[in-house]
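The values are calculated or read from the model by the stated rules, or taken from the named source; none is laboratory data. Only a predicted model underlies this, so the values are computations on that prediction, with no experimental measurement involved. A quick note on method: Cβ atoms are made from the backbone with ideal geometry, for glycine too, and the neighbour counts reach across all protein chains shown. Areas reflect the complete protein model, heavy atoms only, side chains present, ligands, DNA and RNA absent. Shrake-Rupley method; radii C 1.70, N 1.55, O 1.52, S 1.80 Å.
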Amino acid sequence: MEKTLKKGSWKGLFQKEWMFSKWEVLTLILLNSAVVTLLPFGIKSAVDIPQDFSDGMSIFTGLWLVVHIFLGLKLLFTSLKGEMNRPDVWLHSPASIYQIVGVKALFAAFVNAIMLSVGGGLLGISWYLNEANRILSLTDGTLVLISILIKIFLISIVVMMTGFLFLSIYYVVRSRYRNFTALIILLLFFVGALLLEKVRILNVFSALTDFGPVRLTNANFYDETNHNLFSLLVPDGVIFTIGGLFVYGGITAVLFILGAVLLEKKVRY
């Protein structure tokens, strides 16, 4: 372990994350696989009408996707919390704060991507084997599933960096205004959300984020009136736009930099 920690490289830090988190990660992957494999058959055995099965699977799939939006954030929080009480890890490391936190974020995103791929594949197989509303070819159905998984992964990255910034703010504020930490964080959250909404409705912003839609297929596998989550995730089959990728990618980078600067301030002072 000491040899790994002394490397101070991306590879060494990534190995350290794996060493400390491997059993949690393996447990999550196995649990995720078991749930998405067994629950669809439980739903099918509980209902007799194919449409009821489809509705039940849609609800379950929606909840499963929502969990994975926040899974990367949870893994990042766990990793940061495990080392926040050990300032020597941060102060005596040859790696920069951006490298230390960046590896943690990459590791969390990597684990989330694996779980989405494995669990999503098993969910797709369950849908196909149970013949629930099979209105697509295998190819189109696979492309629709991949589209949704990619969108969930992209959203999870933005959520993870947003949560990281507010966690860093929390640590800084708590060290100075312990009794008012929750109130200050809530005020900052609402102010940030208000500013973001004001920017979002600007015509220039919309023009940028709507530029260059990317889709894998034009096929739909949902009734938009009943399965609003899917239609919201990939409206008209659009996974993301080129403009949106640059805009939200830039916002995510800024969130990461601000969070890292604040976290280093808390560690050092």
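Could you pull the accessible area for Met84 with a 1.4 Å probe, rounded to 10 Å²?
30 Å²
Sorting check: for 243-253, 103-113, which peptide has the highest mean count of neighbouring beta carbons within 10 Å, and how do the rest follow? Walk me through the intermediate numbers first.
Values: 243-253: 15.2, 103-113: 20.9.
For the peptides 243-253, 103-113, the packing ranking is 103-113, 243-253.
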